[in-house]
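The values are calculated or read from the model by the stated rules, or taken from the named source; none is laboratory data. This one's a predicted model, so the numbers in the text were calculated from it and none came from an experiment. Because the Cβ atoms are built from the backbone with ideal geometry, glycine has one as well, and the counts that use them run over all protein chains shown.
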Amino acid sequence: MPHPEVRAVELVRASLPLRAPFRTAWGELADRDVVLVRVVTAGDVEGWGECAALPVAGYAAETTATAWADLRDRLVPALLDPRSGPAPAGPMAAAALDTALLDAACRSWGVPLAARLGGCRDRVASGAVIGVTGDVAAVVAAAKSAVTAGQHRVKLKVAPGWDVEPLTAVRRALGEHVVLGADANGSYEPSDAAVRLGALDGLGLAMVEQPLAPAAGLGALAELAAAIGTPVCLDESITGEVEVAEAGRLGACRVVNVKPGRVGGLVAARGVAGAAARAGMAVFVGGMLETGIGRAAALALATVPECNLPADLGPSSRYFAEDLTEPFELGGDGCLAVPAGPGLGVTPRPDVLRRAVRERVLLRR
């Protein structure tokens with residue numbers, strides 16, 4: 001399906017307060033500072049995309065500010081004037097524009113985005129992600145709440161010094177039947193990661209995600225994966241199908257967390273999921289504290305058959321008092337419904353967007 005001809009692109013920078021600060025090994029967020037992309041086609045069809053970049057570097061070098069500049073100064077001008085040639089930019093900025101174009105194309109054809117990606121389900125199992133709090137009792141309470149709500153997996157953000165104690169407490173409180181995992185966001189050092197993470201082997205974890213920083217290399221991750229019993233999952237280290245193939249060859253992981261923003265868009269993410277599945281890896285779609293626009297896009301990806309584990313996509317009310325779109329909420333089966341309408345199936349609510357907007361730029365052909 002080709003992209004439609006675009007006559008205008010609006011960039012919107014908005015900020016939504018989180019219900020509670022979310023903390024990981026790389027830092028803490030109290031607000032979701034986000035870039036939205038709205039394209040308008042020659043046929044007056046709109047398409048929306050959301051940039052996954054965070055306001056501070058940590059998860060990735062790309063930030064909200066750099067993505068805004070990439071879109072405003074390079075990607076959108078190149079789209080509106082193809083004579084200018086290709087415009088290098090960060091993958092998250094590129095993914096936001098790509099999503100908006102896909103949304104517009106699917107809306108013009110009357111096709112849901114999930115169907116365009118080859119999706120095979122209309123509901124996606126939800127997994128809960130619990131940030132670093134420093135308060136074991138609070139983590140246990142949050143984990144219990146997630147299980148009571150029916151979420152299919154609980155994953156704790158961990159870091160050196162905040163790992164064995166909270167994970168052990170949650171395992172004891174929830175029992176062996178609950179699927180429990182950990183996400184380190186690359187915070188362990190190769191020199192002692194095997195010892196630190198080997199201490200988790202008796203907890204029956206489904207995975208430990210991104211234990212080493214991407215800079216450590218897939219070879220070091222393979223050595224760690226061979227040294228511990230818990231399956232290793234990779235997130236930040238996987239930036240495309242080439243990395244998936246190399247990780248498989250080395251035995252660096254058994255699970256892949258795929259995020260459209262990290263790999264440059266939904267179609268690229270679909271390719272990564274396929275490559276991981278062919279390598280015998282389990283696959284799930286990760287979250288980036290998305291608003292409803294980004295959540296709808298991620299849910300569409302999570303419907304493809306290669307994504308065979310619960311997604312890190314929780315209900316809107318877990319993160320926001322008011323989401324930008326109509327809220328996504330859990331059903332009694334612990335799943336999120338995938339919007340059935342054309343394209344993303346959602347658009348921003350004008351009143352909520354108006355209150356959240358911090359900056360707008362309109363670029364025309």
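Arg72 passes all but one of (1) assigned to a helix (DSSP H, G or I); (2) touching a Gly at 6+ places or on another chain (Cβ under 7 Å); (3) of a type in the set (D, E, K, R); which number fails?
(2)
Determine whether region 105-114 contains at least one residue that is over 23 Å from Asn185 (Cβ atoms), touching a residue at least 24 places away in the same chain (Cβ under 8 Å) and polar (S, T, N, Q).
yes
What are the residues in region 228-256 that are acidic (Asp, Glu) and within 11 Å of Met207 (Cβ to Cβ), if any?
Asp235
What is the number of the single condition among (1) surrounded by fewer than 23 Cβ atoms within 10 Å (Cβ to Cβ); (2) part of a helix (DSSP H, G or I) that Cys120 does not meet?
(2)
Among what's in region 17-32 and is in contact with a helix residue (DSSP H, G or I) (Cβ under 8 Å, 6 or more places away or on another chain) and farther than 15 Å from Tyr59 by Cα, pick the residue that is surrounded by the fewest Cβ atoms within 10 Å (Cβ to Cβ).
Taking the candidates together, the pick is Arg19.
Please count how many residues of region 333-352 are crowded, with 19+ Cβ neighbours inside 10 Å and more than 15 Å from Val111 (Cα to Cα).
6
Evaluate the following for Val40: is it at pLDDT 95 or above, crowded, with 20+ Cβ neighbours inside 10 Å, touching a strand residue (DSSP E or B) at 6+ places or on another chain (Cβ under 7 Å) and closer than 30 Å to Leu156 by Cα?
Spelling it out, it is not the case that Val40 is at pLDDT 95 or above, crowded, with 20+ Cβ neighbours inside 10 Å, touching a strand residue (DSSP E or B) at 6+ places or on another chain (Cβ under 7 Å) and closer than 30 Å to Leu156 by Cα.
Can you name the number of the only condition in (1) in a helix (DSSP H, G or I); (2) surrounded by fewer than 20 Cβ atoms within 10 Å (Cβ to Cβ) that Glu10 fails?
The number of the failed condition is (1).
Considering each of Ala275, Ala296, Ala279 in turn, give the residue that is surrounded by 20 or more Cβ atoms within 10 Å (Cβ to Cβ) and in contact with a helix residue (DSSP H, G or I) (Cβ under 7 Å, 6 or more places away or on another chain).
The match here is Ala275.
Of the numbered conditions (1) more than 26 Å from Ala273 (Cα to Cα); (2) buried (at least 21 other Cβ atoms within 10 Å of the Cβ), Ala173 fails exactly one; give the number of that condition.
Exception for Ala173: condition (2).
In region 206-239, what residues are surrounded by fewer than 21 Cβ atoms within 10 Å (Cβ to Cβ), closer than 21 Å to Ala61 by Cα and hydrophobic (A, V, I, L, M, F, W, C)?
The answer is Ala213, Ala215, Ala216.
Would you check if Ala340 is in a loop (DSSP other than H, G, I, E, B), over 29 Å from Ala252 (Cα atoms) and touching a residue at least 40 places away in the same chain (Cβ under 8 Å)?
Criteria met by Ala340.
Quick check on Val195: is it closer than 30 Å to Leu102 by Cβ, surrounded by fewer than 21 Cβ atoms within 10 Å (Cβ to Cβ) and without any contact (Cβ under 8 Å) to a residue 12 or more places away in the chain?
no
What do you reckon, is Ala194 of a type in the set (A, V, I, L, M, F, W, C), under 20 Å from Gly127 (Cβ atoms) and in the same structural domain as Val158 (by TED's automatic domain parsing)?
No.
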